[in-house]
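Please treat every number below as a calculation from the coordinates, not as lab data. None of these values were measured; they are calculated from a predicted model. Note: ideal-geometry Cβ built from the backbone for every residue, glycine included; neighbour counts use all protein chains shown.
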Number of protein chains: 2
Amino acid sequence: MSTDPPGFELPLRLLLGFRVLIDGLHAELARQGHPDVRPAHGFVLQAVGHGTTAVELGRRLGVTKQAAAKHVDALERLGYLRRAADAADARRKLIRLTDRGVDCLARSARIFDELRSGWAATLGEDRLQALEADLRTMTPTTPFGLDFPGWFGGARSDG
Amino acid sequence: MSTDPPGFELPLRLLLGFRVLIDGLHAELARQGHPDVRPAHGFVLQAVGHGTTAVELGRRLGVTKQAAAKHVDALERLGYLRRAADAADARRKLIRLTDRGVDCLARSARIFDELRSGWAATLGEDRLQALEADLRTMTPTTPFGLDFPGWFGGARSDG
DNA sequence: ACATATTCGACAACCAGGTTCACTATCTCG
DNA sequence: CGAGATAGTGAACCTGGTTGTCGAATATGT
């Protein structure tokens, strides 16, 4: 039986909601001096955190190490990341945030909090917390930064 | 973490929620005889509805007519769509669902309803309706099938 | 009625982000 | 020591999107 809203509505609204927040983030980020950072970059910077390697980064992002390396290339070119040799293991190259990368990440966190506050102001904090709780219930427990599936299609592997 | 979740959590969970549903849809769709239909295809079939043109399809999907035409090419090759000349206007080619396309669309609708029922069973129908209502509140009113923004990337703005 | 403008579909080139395959350099361990 | 795993890189390719261009067909204005 078709429930009141067609089942189609739910996934669509989830996607729209995501886009609203991401678009809001990048509009504001651009305004605050980071015009050339793109949606995927934020996730990458977040996943880099306090230093990692390309393989580990790929694992965290749920993509191949090659895909991760491409992002690192781009972000290094933009001045958000730096590669450095690992003294303990000559195979590895440590990826670390530059000052600009840290700044971008800090601003992103603040902007996300502000956007969330906007939602709370409209929906009410309790409704928003219920929404978050329900989404946590229905989605895999993948605290960001550790093994979570690629954002979209894709079925990583490689090794 | 219990209260005051980082603002980052919200967009992530929205995206995860979307993916859970889409992955569920396509897993079940594959089981029901449509193994080669991919995420974007469902949106295209939905947007085609009872016949349209490439330009109109692009407008509905929020992409260029060329991008829309590529999807039509793929879905025509897979046997879900058919192009036919428009008797009234020799420039146009009418895009229409084949029987297989209609079947796929009908199954998708049923599966989406079932997935939604699963959510309702876990969260409770009232909580789910609240979630849907809140998402409707926070997202642009773009009833599917008419002018809605691309699912992801969005505007070019260099790279 | 006819010149001009617009629209439709197609083709080509390109970009972003992902994949697999392949390869070298470097550990690690039995 | 040597076999095997692991880190990074490069190349070829796929998908899905973008411009830009173009010819054919239809609309439109004088």
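What to note about this one:
- In region A:94-112, the residue that is farthest from the other protein chains (Cβ to nearest Cβ) out of those that are of a type outside the set (A, V, I, L, M, F, W, C) and in a helix (DSSP H, G or I) is A:ASP99.
- Criterion: crowded, with 16+ Cβ neighbours inside 10 Å, of a type in the set (Asp, Glu), more than 16 Å from DNA strand C (Cβ to nearest atom) and closer than 30 Å to A:ALA120 by Cβ - qualifying residue of B:GLU132, B:GLU125: B:GLU132
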